[in-house]
There are 2 protein chains.
Amino acid sequence: MSKVAVVITDMFEDSEYTQPAEAFKKAGHELVHVGLKSGATVKGKKQGTPVKVEKTAEEVKVSDFDALLIPGGYSPDKLRVNEHVVKFVKDFVDSGKPVFSICHAPQLLINAQVLKGRKITGWKSLVQDIKNAGAQFIDQEVVEDGNLISSRSPADLPAFIRACSRKLTST
Amino acid sequence: MSKVAVVITDMFEDSEYTQPAEAFKKAGHELVHVGLKSGATVKGKKQGTPVKVEKTAEEVKVSDFDALLIPGGYSPDKLRVNEHVVKFVKDFVDSGKPVFSICHAPQLLINAQVLKGRKITGWKSLVQDIKNAGAQFIDQEVVEDGNLISSRSPADLPAFIRACSRKLTST
């Protein structure tokens, strides 16, 4: 079974965390919530779903984990002002281990400067930002490019979870 | 006196609208609120400040106005998925009339593809997006580059309002 880091802070899109988290746990995978302050409880933007942050990005390293999940909402924009979170995300993508990105998650990948030449999808407001970062934006429910799996929005969750779960099982 | 368009929708940063709006009105300028639905009341993200949207971007043109104010918060990211708003912002910048941008407002300017070669500041999470759009990010309270006046955050509001007010008076 896999150990999955989730980078998360306040204003995350509730379903983009809860639905993959539930599926991963049901399959026996372990989740570790990485954020800005250990012990803090962060909340989703629509339902206020509470999530306990276990570690800061300074307290973890990529070798502790098998995969990374980045839920969307406004959480990625808040996380990307923290250099340790950005470094952790960059190291993850560079490691070749699976990275799961949905909705606004590409904002973190842009700041990690890991998108040049990659194929990715994401929330429609980010199309220009993604192109400017040197990536190819593809408008479909799931885009798989090497270790990077991405989706656009909560509507894509079933396909996103299927693709991520398959990747975890084959890792 | 000037007629100022304000592009705005839900989750705007309250003070980045209320403080410039109050100063502009006090000086005798007129504001017209342009958004996604005429007659809708949109609300700020912290204090829930209500603002009545008078026109959609389809119903206005740059020649109706003397200047454009783009408050920050999450409003710009919501507005930039609307092609008419993006076109209105692009036409405004291209017209040479004053454009006032604060905090997350550069997200709209990025989608309008008007930042290449410009000097601008904005919220710290956007530094990479701004650079990728071909602009020079300058970390100071107000940046003036031709018709474009920009600031970083609510903390910069006094200097931002002074610079914008001066520009309106000289326009």
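Values quoted throughout were computed directly from the atomic coordinates according to the rules given, and no laboratory measurement underlies them. Just so it is clear, the structure is predicted and the values come from calculations on it, not from any experiment. All Cβ positions, even for glycine, are placed from backbone atoms using ideal geometry, and neighbour counts span all protein chains on display.
Per-structure values
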{"quantity": "Sole residue being buried (at least 19 other Cβ atoms within 10 Å of the Cβ) and in contact (Cβ under 8 Å) with a residue 12 or more places away in the chain, chosen from A:23, A:57, A:40", "calculated": "A:57"}
{"quantity": "Residue B:120 being in contact with a Phe, Trp or Tyr (Cβ under 6 Å, 6 or more places away or on another chain) and surrounded by 20 or more Cβ atoms within 10 Å (Cβ to Cβ)", "calculated": "no"}
{"quantity": "Residue among B:21, B:57 that is closer than 17 Å to residue B:105 by Cβ and touching a Phe, Trp or Tyr at 6+ places or on another chain (Cβ under 6 Å)", "calculated": "B:57"}
{"quantity": "Of all residues in region A:128-158 being more than 14 Å from chain B (Cβ to nearest Cβ), in a helix (DSSP H, G or I) and free of Cβ contacts under 8 Å to residues at least 60 places away in the same chain, the one that is surrounded by the most Cβ atoms within 10 Å (Cβ to Cβ)", "calculated": "A:156"}
{"quantity": "Cross-chain or 6+ apart pairs with Cβ under 7 Å, region B:76-88 first and more than 9 Å from chain A (Cβ to nearest Cβ) and under 13 Å from residue B:42 (Cβ atoms), then in a loop (DSSP other than H, G, I, E, B) and acidic (Asp, Glu)", "calculated": "none"}
{"quantity": "In region A:91-106, the residues that are away from chain B (no Cβ under 12 Å) and touching a helix residue (DSSP H, G or I) at 6+ places or on another chain (Cβ under 9 Å)", "calculated": "A:91, A:92, A:93, A:94, A:95, A:97, A:98, A:99, A:100, A:101, A:102, A:105"}
{"quantity": "Whichever residue in region A:159-171 is of a type in the set (Gly, Ala, Ser) and touching a residue at least 12 places away in the same chain (Cβ under 8 Å) and, among such residues, is nearest to residue A:6 (Cα to Cα)", "calculated": "A:165"}
{"quantity": "Test result for residue B:114, more than 14 Å from chain A (Cβ to nearest Cβ) and of a type in the set (A, V, I, L, M)", "calculated": "no"}
